[in-house]
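These notes are about the structure you will find just below.
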Amino acid sequence: MTKLVQRAPASSEKPSQIPGVSATAFSREIHRALDFAAYEFRLQKRRDPDKTIPAVSHFAGVGYILAHYGFPEQVVVAGILHDYLEDIVQTPFGERRSCRRRLEREFGKDTVHLVEFVTQKKYGRWGQKRPWDIRNQEYISRLCTVEAPPGSRAISCADKIHNIQSLILALERNQKNPEVVWRNMKATAKQQLENFRNHHQILSEHWSHPIVDQLASLIDSLAKHVGPAYRSP
């Protein structure tokens, strides 16, 4: 387990919402980010086996979760755009650099900085797809570093919350045939649960926030839905 380094959040990126603090209001920048994500991901769908759900559902959900907990507008915007550098850009390195510059022009360097911290490196130098477990471990380790802004941890947590909720909904819709839910996934049910638990452990060791508590609660709920019959690889 990577040792976490404590870091006090900067006042401009407060990671917590204390009682009485309002949710982040919908704004022009949040609207722009939603429109940007909806257009750029217009051909992509979620992995649900029984429904065709546009990818933008995920980005809106992540943004909503962050706004609900009162994270700053910039964190909400970066949360909506968190998959742009990972999923829109495919293998060519030059294309990635071009898309990074475009994102920076549209939303600024600080937003790109947050997005980069929650971006997995899917492809190697020659365009080969890298193993899921390796790039996932790199991703988790990056969130442990002192350089990781609290906003990036919030985005990562909201991403996992929405993905877990999506899995639970899919399992509830497919109670008679739950195996079908995992066929389109990158990992088995057991691997997914282990990944979510590892992710939560790292965040909770470093960061105390209600959004982390919600993640823990949803992981427990997912484990109950999965059941012992589907925990083996």
The stretch 33-84: trypsin sites (Lys or Arg not before Pro) in DSSP loop, at most 15 other beta carbons within 10 Å: ARG42, LYS51
Taking the beta-carbon count within 10 Å as an exposure proxy, list HIS68, HIS31, HIS82 from fewest neighbours to most. HIS31, HIS68, HIS82
Sorted by Cβ neighbour density within 10 Å, fewest at the top, the residues LEU167, LEU66: LEU167, LEU66
Give the share of C-alpha pairs in each 5 angstrom bin for the stretch 116-210, from 0 to the last occupied bin, in whole percents, shortest bins first. 2, 12, 20, 22, 17, 14, 9, 3, 1, 0
Is there a quick way to get the dipole size of the stretch 56-156? I mean about its Cα centre, with the Cβ of Lys and Arg at +1 and of Asp and Glu at -1; what is the value in debye to the nearest 20? 440 debye
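A short reminder: the numbers here are calculations on the coordinates, not readings from a lab. Nothing here was measured: the structure is a model prediction, and the numbers come from that model. We place every Cβ from the backbone using ideal geometry, glycine too, and count neighbours over all the protein chains shown.
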